[in-house]
Amino acid sequence: MSRLLKDGYSIIDGYRLQQDPQCPEYFERYLDIIKPDRILELGTANGGLTKILRNNTEVPILTVEKEEIHIDSRTYSIADVYVADFFDVEFISTILLPFISRPGRTLVLCDAFNKIHQYRKFVRFIKTDDVIAVHDYFPSRKYFEDNIKGKRWNWCDITDEDMDEVNREFDMVDIGEELNEIFWATKLKKGSQKLVTLV
């Protein structure tokens, strides 16, 4: 169960959660829909979302955070935690790509800095039939400004326009669209894996 804090964040099982308070129930249904074989979380933060994931699945979770100071130490007992830059070429090639490329469905959650770049880059790395989701999503910045900002959420980091080109290139289709209600876009990859460049 999560509860809302004054700053707009929530608490889940004692972990600080930088998500909508309804995140636990939405992610429980979402994971049941997509049935991942493993999860890559880009942006551990305080570990709140990691805890929700672990509460609802036993699959391997690899989570990456650039600054260790943000990570709740309990997160190390529920996931494989890396303190690293997930844009680093060597880290991608030695740790992330082997994890993503294992047989079965990988779910990639983009929830750290520079979400547009995260999404556009990791869409290229995931396999056909893998799923990628990105937080702080709204259909457009105008929709966010007119309907959401200052009322339900204060961050808009990615929109349909930001994803459009790469979605068409890799035939990304909606899956688990209910997650849009808590400000996540989520797509299934129908096109082929196509590693153009790591940089």
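For the range 148-173, what are the residues that are in a loop (DSSP other than H, G, I, E, B), free of Cβ contacts under 8 Å to residues at least 60 places away in the same chain and surrounded by 11 or more Cβ atoms within 10 Å (Cβ to Cβ)? Reasoning before the result, please.
Kept after step one, since they are in a loop (DSSP other than H, G, I, E, B), are these residues of the range 148-173: 148, 150-152, 154-157, 159, 170-171.
Now narrow it down to the ones that are free of Cβ contacts under 8 Å to residues at least 60 places away in the same chain: 148, 150-151, 155-157, 159, 170-171.
Answer for the range 148-173, where residues must be in a loop (DSSP other than H, G, I, E, B), free of Cβ contacts under 8 Å to residues at least 60 places away in the same chain and surrounded by 11 or more Cβ atoms within 10 Å (Cβ to Cβ): Ile148, Trp155, Cys156, Asp157, Thr159, Phe170, Asp171.
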In the set Arg152, Arg105, the lone residue that is modelled with pLDDT of 95 or more and touching an Asp or Glu at 6+ places or on another chain (Cβ under 9 Å) is Arg105
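Does Thr57 fit the bill of being polar (S, T, N, Q), over 14 Å from the mean Cα position of the chain (by Cα), over 22 Å from Phe113 (Cα atoms) and at pLDDT 95 or above? Spell out the reasoning first.
Numbers: polar (S, T, N, Q): yes; over 14 Å from the mean Cα position of the chain (by Cα): yes; over 22 Å from Phe113 (Cα atoms): yes; at pLDDT 95 or above: yes.
Taking the combined requirement at face value, the residue satisfies it.
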Residue that is free of Cβ contacts under 8 Å to residues at least 12 places away in the same chain, closer than 20 Å to Lys35 by Cβ and out of contact with any strand residue (DSSP E or B) (no Cβ under 6 Å at 6 or more places or on another chain), where the choices are Glu90, Glu145, Glu177: Glu177
If a residue has to be buried (at least 17 other Cβ atoms within 10 Å of the Cβ), more than 16 Å from the chain's Cα centre (by Cα) and among the polar types (S, T, N, Q) to count, how many in the range 63-116 make the cut? 1
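Taking the options Asp160, Asp171, Asp88, Asp164, name whichever one is of a type in the set (D, E, K, R) and in contact with a Lys or Arg (Cβ under 9 Å, 6 or more places away or on another chain).
On the way: Asp160 fails: in contact with a Lys or Arg (Cβ under 9 Å, 6 or more places away or on another chain); Asp88 fails: in contact with a Lys or Arg (Cβ under 9 Å, 6 or more places away or on another chain); Asp164 fails: in contact with a Lys or Arg (Cβ under 9 Å, 6 or more places away or on another chain).
Just one listed residue meets the conditions, Asp171.
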What tally of residues in the range 110-132 results from selecting those that are outside any loop (DSSP other than H, G, I, E, B) and more than 16 Å from Phe86 (Cα to Cα)? 1
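Does the range 175-196 include one or more residues that are at positive phi and surrounded by fewer than 19 Cβ atoms within 10 Å (Cβ to Cβ)? Full working, then the answer.
Taking the range 175-196 and keeping what is at positive phi, we get 176, 183.
Narrowing further to those that are surrounded by fewer than 19 Cβ atoms within 10 Å (Cβ to Cβ): none.
Scanning the range 175-196, I find no residue that is at positive phi and surrounded by fewer than 19 Cβ atoms within 10 Å (Cβ to Cβ), so the answer is no.
Filter the range 32-48 for residues that are touching a Gly at 6+ places or on another chain (Cβ under 9 Å) and within 19 Å of Ile78 (Cα to Cα); which is surrounded by the most Cβ atoms within 10 Å (Cβ to Cβ)? Even if it seems obvious, please write down each step before you answer.
Here is the first cut: in the range 32-48, the ones touching a Gly at 6+ places or on another chain (Cβ under 9 Å) are 33-34, 36-38.
Narrowing further to those that are within 19 Å of Ile78 (Cα to Cα): 36-38.
Working: Pro36: 21, Asp37: 14, Arg38: 19.
Selected residue: Pro36.
In the list Ile39, Ile92, Ile33, which residue meets the criterion of being touching a Ser or Thr at 6+ places or on another chain (Cβ under 8 Å), closer than 26 Å to Val173 by Cβ and at pLDDT 95 or above?
Numbers: Ile92 fails: touching a Ser or Thr at 6+ places or on another chain (Cβ under 8 Å); Ile33 fails: touching a Ser or Thr at 6+ places or on another chain (Cβ under 8 Å).
Selected residue: Ile39, the only one of Ile39, Ile92, Ile33 that is touching a Ser or Thr at 6+ places or on another chain (Cβ under 8 Å), closer than 26 Å to Val173 by Cβ and at pLDDT 95 or above.
Just wondering, is there one or more residues in the range 122-137 that are loosely packed, with under 15 Cβ neighbours inside 10 Å and farther than 18 Å from Asn167 by Cα?
At the first step, the residues of the range 122-137 found to be loosely packed, with under 15 Cβ neighbours inside 10 Å are 128-129.
Narrowing the set further to residues that are farther than 18 Å from Asn167 by Cα leaves none.
No, that holds for no residue.
The values are calculated or read from the model by the stated rules, or taken from the named source; none is laboratory data. What you are looking at is a predicted structure, and each value in this text was computed from that prediction instead of being measured. FYI the Cβ positions are ideal-geometry reconstructions off the backbone, even for glycines, and counts take in every protein chain you see.
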